[in-house]
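The next block holds one structure in the form of structure tokens; read it before the comments.
What follows is calculated from the coordinates using simple rules that are stated; it is not laboratory data. Quantities reported herein were computed from a predicted structural model and do not represent experimental measurements.
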């Protein structure tokens, strides 16, 4: 008979442990999961008033985290110090405690007040530590009515097994919470860094043209207005888009960037709006598009002038209706996204040629921002050059003290068709070539060299070579004189009238060499 009872108990215990393992894997909410564990313990094994306590290492208090058979008020009363009562002793020593008769145990405090009339009902109390390694983080305890037939040692063994399972669950949840907290803090740190990096005050340039750009950024950032950033390639349109987003009310939401020119026409629609599984050959699964990924935030459409006509229609609908369908899909998806577009093309000319939709142009051109080319804000060149020298000296572990006067004059004389991007590349090259802590004129690329600083000796023989040489001399003189024709004529030792004739002959525009 005893063997049969033992077998039945073992079956119940195995069923209980399996059920508890399922509970512990269901949720990250420890309080809810342990509540189910304690309820199952009471139902299957006849134990009542189960409690899970956790130690607050900062305050030294042991508080009830979850319980079965206790009211909310009784839970709040269940607070102990380390070493206080049975629960406090278990936390202090790390050893389990079994009290056959709580009415006869002076250390049993009944702090919750849930065990009334102890002299009438003799209750047994079992409390086991919850450990992670050698550290006690809390306790698991249970009551049961005392009976000679009940083997408290068996209950202690079972409760210890459950406590170890709970400990592993607590450990995994602590690690997950710590990792989550780390990711949250890292996310906040990165966002803070992005806001600082892309603050308008950190965009290099103090010229009148850039001051106008800063004013426009400050006016439009906090709104949801669609923005069209105009400017030549390399002027910093993406930097302005970043500044607008990270100073907007959407700063904590995604900023999704799309380089329209870099995507083939066949995949651009899918990239922007996503596709359903089987929408086309190779569509093996459903895919979200960039608009969907940017929901709640900002989408930056770079080189929007390269949009093919078919995609322009879909883009117009998103701007008008704030909704779209995935490629191959039937469901209409709403989207809350701010659109910032950029282009280095003349959209007006493209409209006249029929290559850009007029209605789309007016939808995009709600708030235009024009970034002037570098040749029109040459007072910014020394600031930008210093910034790039410092950046690339740091990246290449070199000490660069200054830019020499000749090199700075060459930077100021050049017309910078590639704008800030070209200047950055030139400075990176010069930093790598510098051997004495100074950026010299000869460290700059050949395209920046002038005859005065390079000492070039021009030779020629045939008429074509002479004309090519003459044109180069005139361009060099205009670079040196910063577009001043009279000064260039003096450098070439010819009259201003003769130089004017030569400029017209070779179709040279002196204005592109001016500040």
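Please report the antiparallel percentage of the DSSP beta bridges confined to region 257-368, to the nearest 5.
DSSP beta bridges in region 257-368 are roughly 25 percent antiparallel.
Based on the alpha-carbon gyration tensor of region 216-372 and its eigenvalue square roots a ≥ b ≥ c, which shape applies: rounded if a/c is under 1.5, prolate if not and a/b is larger than b/c, or oblate?
Since a/c reaches 1.5 but b/c is at least a/b, the shape of region 216-372 is classed as oblate.
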